[in-house]
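Everything on this sheet refers to the single structure shown next.
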Amino acid sequence: PRFSHRSSTEMSRGPPGSVPRPSGTRATHPGVVFASMGCCQPREKMDEKVAKAMYGEMADQAPRKKKEGFCSWCYEWAVHYYIKETTTWLCDACKGRTAESAKCSDSMARLEGSGNNRPVCAKSLPNWDEVTDKKKKVFSKSRNITKIRYEMTRESPFRHTAQKEGMLRPFLYLVSMSEHHRALLAIQLGWSPFAEESFGDPHEEAWQILNKKALGLRARCVKGLSKLNPFASLKDWVGVLNHVAETLYVPTYMSWNDEFACDKMDAAEGAAASMEAHSKKVDTFEGELMEKVSKQQRSKMNRVQVCTVAQLMQSDNLRKLMAIQQARGVERHTMSLFAIDSCYLQLARDKHLQKGQDADPVEPELLAAAVAQFLSNNVEGDIEAFGEAGLAELPSPPPESILNSN
């Protein structure tokens, strides 16, 4: 997941990470564009080059059309960017699809439904104030290790159902997340959780993300004619991982073992492993899948950007941070490397949007602070464990903002 480090007044500004492009052209992350500007380019040509890289043949239309208003997905005042060649917009805070509201001039309606064609203006609904107050109350709760462990170990009907359905591992992952992260996941899957009765209960929120009808994670893994069958069985956790792996990383002309070192678990073995909270085979599979996601992100970075990150990783700040991670028992560096790449892209993007061609390079202490915040997952007091890495102070949004999940 990405997050921003701007002040609360600027936090929602800037285009989304992947800029819509005309068909047949490759999307370029704004951070990639900024990093590519640091290598022997005449400064008087940078603006033209940036626009060309970000917008392709539509460079003459940059900057992108935008407007501010309340978002009906995240219930926050945010900047919305127009998506070219469509009639829709994108909220820069939660990345939900929006449209201009016909009922409220200061609000953007969320687009629901499979085709994103059903506008709902939350600001015009009678429960707007009630929902925003509840959201602020839930999001403002402090998170510490004691509370997280309590939620992960307490019994509930949702936990029992998750275990019975072979979804205990992802259920516990979701329960351990902050309320901001679960809300962002729900929005990305297609619904706004704030007006629902489940909002505020980590267990019910987690189960909704996994099992919500037609929109939950399991429903997204149903394909073919099974989508038309209301009685079709849903996948367990290993089944979900197999679906993601085969869809994204195993082309039809290749076999499983051509892409993965771990053996593919069959239905019976996967069902047994999915019932347990701890499984060595599933852990290995998840680690290899995460490594592929990390490499996929790295493959989209250009040569200058990769070299810049490599140089930053040689700094004392990043070396100490990685050493602290190892001392905390994190053996694999996959997540840390993914965090470093993600945070660098976001910081480079923010600097470019603030100062354009005069933007300063990303400093090691700033990147270390961003990675520490990423890895701490908004747990109270956890970021202090990385203090020896020489972290810069980062501006942060108010606690009730969904931007804390970015």
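Points worth noting:
- Across the range 263-270, coupling constants 3J(HN,Hα) worked out from phi with the 6.51/-1.76/1.60 Karplus curve, θ = phi - 60°, read 6, 6, 7, 6, 4, 5, 5, x Hz, and Gly and Pro carry x.
- For the range 74-223, accessible area per residue (1.4 Å probe, heavy atoms of protein chains only), Å²: 47 Å²
- Nearest-20 debye value, the range 290-346 charge dipole, Cβ charges on Lys, Arg, Asp, Glu: 120 debye
- Considering the range 192-303, its Cα convex hull presents a mean projected area of 10.2 nm².
- In the range 249-351, the convex hull through the Cα atoms has an average projected area of 9.1 nm², a quarter of its surface area.
- For Lys164, the lysines whose Cα comes closer than 29 Å to its Cα, not counting residues fewer than 8 places off in the same chain, are Lys147, Lys212, Lys213, Lys223, Lys227, Lys235, Lys264, Lys280, Lys281.
- Fraction of accessible area attributable to carbon and sulfur, the range 86-215 (%, probe 1.4 Å): 51 percent
- Which of Asn229, Pro193, Leu215, positive extreme of dipole for the range 172-238 (C-beta unit charges): Asn229
- Nearby aspartates and glutamates by direct alpha-carbon distance to Lys136 (threshold 17 angstrom, same-chain neighbours under 8 apart not counted): Glu76, Glu179, Glu196, Glu197, Asp201, Glu205, Glu400
- Percentage, to the nearest whole number, of Cα pairs in the range 177-253 over 21 Å apart: 36 percent
- The range 330-406 and the range 123-144: distance between their alpha carbon centers, rounded to Å: 26 Å
- For q = 0.11, 0.15, 0.20 Å⁻¹, Debye-computed log10 I/I(0) when each Cα of the range 139-270 counts as one equal scatterer: -0.46, -0.81, -1.21
- Prolate/oblate/rounded label for the range 216-274 (Cα gyration tensor, a/c 1.5): oblate
- Just so you know, the Rg over Rh for the range 57-189 is 1.07, from Cα atoms, with Rh as the Kirkwood radius.
- Listed by chain and number, the lysines whose alpha-carbon sits under 24 Å from that of Lys103, ignoring those within fewer than 8 places in the same chain, are Lys65, Lys66, Lys67, Lys84, Lys95, Lys123, Lys134, Lys135.
The values are calculated or read from the model by the stated rules, or taken from the named source; none is laboratory data. This structure is a prediction, so every number in the text was calculated from the model and none was measured. Backbone-built Cβ (ideal geometry, glycine too); neighbour counts: all protein chains shown. These area figures cover heavy atoms from the full protein model, side chains too; ligands, DNA and RNA do not enter into them. Shrake-Rupley method; radii C 1.70, N 1.55, O 1.52, S 1.80 Å.
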